[in-house]
Amino acid sequence: MTVLLSNRHTVQSAEDVVAIRQSVRQRAVELGFSLVDQTKIVTAASELARNTLQYGGGGRVTIDAVEDFGRRGIRLTFEDEGPGIPDVELAMKDGYTTGGGLGLGLSGARRLSNDFSIQSAPGKGTRVTITRWR
Amino acid sequence: MERIPILKMGEYLLVTIQVDMHDRLAMTLQDDLTARIVEARAKGVLIDISALEIVDSFIGRMLADIAAMSRVLDAETVVVGMRPAVAITLVELGLTLTGVRTALNVERGMDLLRERIRERLAE
């Protein structure tokens, strides 16, 4: 996979989450994503950025325009040094939440992307990577 | 502080969300709206989201909460103008907006509100 373009944002406030949505939208438009695909990747970004802020205590996101075997896409990596997730499988379940939300952030973001991976351990922070192809 | 304006039209309140809301702004709207329902003795609330490019789980929950709170306060809420791409994404996200009445546009939303309020009076 080749990275064509990369930029980073910090996730420290609710305003940062809005800025990340706008940045992801712009990249999706540049890559020629359809309106529905733009909406899906921006919505997934919003869910994951909020998780980074709320559960990870803030962190950063890397927005990459990528190319693989001639297809182009957006890869988003959310990283924090927060408390981590003790049971990732449980956290991925629809409706499971420890924060009073709807419990759709992680599971919903996975459904809205083509590739999804998560690494997390207690005390080690969390890293979520998603990719959506054009 | 930044706020979403709430317009009063007779016994209805009209909210048009024109900005990409951050979470605190969404919470402020929810608080302001419930206060205004009581203050204005509103019978109906119309929320126009046609300018919203996404509805994520936070905004979705805010809409569902507003609908539930207004019902308790004896007012009906209708959400209008959801973009097709937003609707497709919402369903895939897993959000069904249970208990939220929707209409295609403001005109149909007003019709729906009037109808619901008439039904309530007849009950």
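All of (1) more than 11 Å from every other protein chain (Cβ to nearest Cβ); (2) in contact with a Gly (Cβ under 8 Å, 6 or more places away or on another chain); (3) farther than 22 Å from B:M110 by Cα hold for B:L90 with one exception: (1).
Considering the stretch A:1-101, the qualifying helices (runs of 4 or more DSSP H), each wholly inside and each with 2 or more residues that are in contact (Cβ under 8 Å) with a residue 60 or more places away in the chain and at the interface with chain B (Cβ under 9 Å from one of its Cβ atoms), run over A:35-54.
Candidates in the stretch A:102-130 are the residues that are among the hydroxyl-bearing types (S, T, Y) and in contact (Cβ under 8 Å) with a residue 24 or more places away in the chain; of these, the one that is nearest to the other protein chains (Cβ to nearest Cβ) is A:S113. For the stretch B:13-59, a tally of residues being within 16 Å of B:A75 (Cβ to Cβ) and assigned to a loop (DSSP other than H, G, I, E, B) returns 3. So which residues in the stretch A:27-60 are surrounded by 14 or more Cβ atoms within 10 Å (Cβ to Cβ) and of a type in the set (S, T, N, Q)? Residues satisfying the conditions are A:Q38, A:T39, A:T43, A:S46, A:N51, A:T52, A:Q54. Would you confirm, using the coordinates I've provided, whether B:R101 is surrounded by fewer than 17 Cβ atoms within 10 Å (Cβ to Cβ), in contact with a helix residue (DSSP H, G or I) (Cβ under 9 Å, 6 or more places away or on another chain) and of a type in the set (K, R)? Here the answer is yes, as B:R101 does meet what is asked. On inspection, B:T77 passes the criterion of being crowded, with 20+ Cβ neighbours inside 10 Å and farther than 30 Å from A:D37 by Cβ. Say whether the condition of being more than 11 Å from the chain's Cα centre (by Cα) and within 23 Å of B:K8 (Cβ to Cβ) is met by at least one residue in the stretch B:83-105. Yes, the stretch B:83-105 has at least one match.
Every read-out reported here was derived from the displayed coordinates using simple, explicitly stated rules and does not represent laboratory data. Computed from a predicted model, the values in this text were never measured in an experiment. FYI the Cβ positions are ideal-geometry reconstructions off the backbone, even for glycines, and counts take in every protein chain you see.
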